[in-house]
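Taking it in order: structure first as C-alpha cells, then the write-up.
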Amino acid sequence: MISAPADGGQVINYSDRFNVLGMTGSVAPNIKKAVTALGGSTAGPPTVNEVNNVAPVASVPADPGAGDYGVPYAQQKGPTKYAPMQKVPPTKITAKKVTPLNPTSAWTVAKTWLPKPTVISTVTEPNTFSVRSRANTAAPQSNPTGDMQKFLARWKD
C-alpha cells in the first residue's frame, strides 16, 4: 500500500508473503532463485518511508471523495499518476479567467542528459457528467412555395 501524506513524500507498506495452493505450471529460473534466497521467510520487505526525503510541496488539500484523483498531482509518487477531470461549466459561463485545478510544476531547461523517467503513465479521470437528450417531436415545415420559391431561385445556376 502506498500512502501519500499531504506534506509530500510517500510511505510504502508491504504485506507478508503468502502461498497459493493447488496451482500447476512452471516458474522462471530467476523467480525460483529469488524465492530460494528468502530462506523460507514469509515476512514482507521493510516499510519504505520517503516522507522526510522530499522537499515540501505547496500543499493543496486532497479531496477524500475523489480517491486517487483527489491527491494533488505534484504530491503523487510512483509509476502512475492520476489527473482529475476538469469540472463541467454551468449552463452560463461568466468567468473571465480560468483557474487551474493544481499549481504548475517546477521546471528548468535540461543542460545534460536527463535521468530515466519515473512516471510511466498518467491516467485522466473519466467524465464526471452525463448528457441526456430527447427527440424533437415538432412536425417538419413544408417546402417554401410562391414568393419564397422565386426568391430562392435567384441563386440557381
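Before moving on, here are some points about what is shown:
- Charge sum, other residues only, whose C-beta stays under 13 Å from Lys81's C-beta, Lys/Arg counted +1 and Asp/Glu -1: -1
- Counting beta carbons within 10 Å around each of Val123, Val109, Val71 and listing the fewest first gives the order Val109, Val123, Val71.
- Local net charge near Gln10, Cβ-Cβ under 10 Å (Lys/Arg +1, Asp/Glu -1): 0
- With R₀ fixed at 25 Å, the C-beta to C-beta distance from Asn30 to Thr80 puts the FRET efficiency at about 0.50.
Coordinate-derived values only; no laboratory data. Bear in mind the structure is a predicted one, so any value in this text is a computation, not a measurement. Cβ sites come from the backbone with ideal geometry, for glycine too, and all protein chains shown count toward neighbours.
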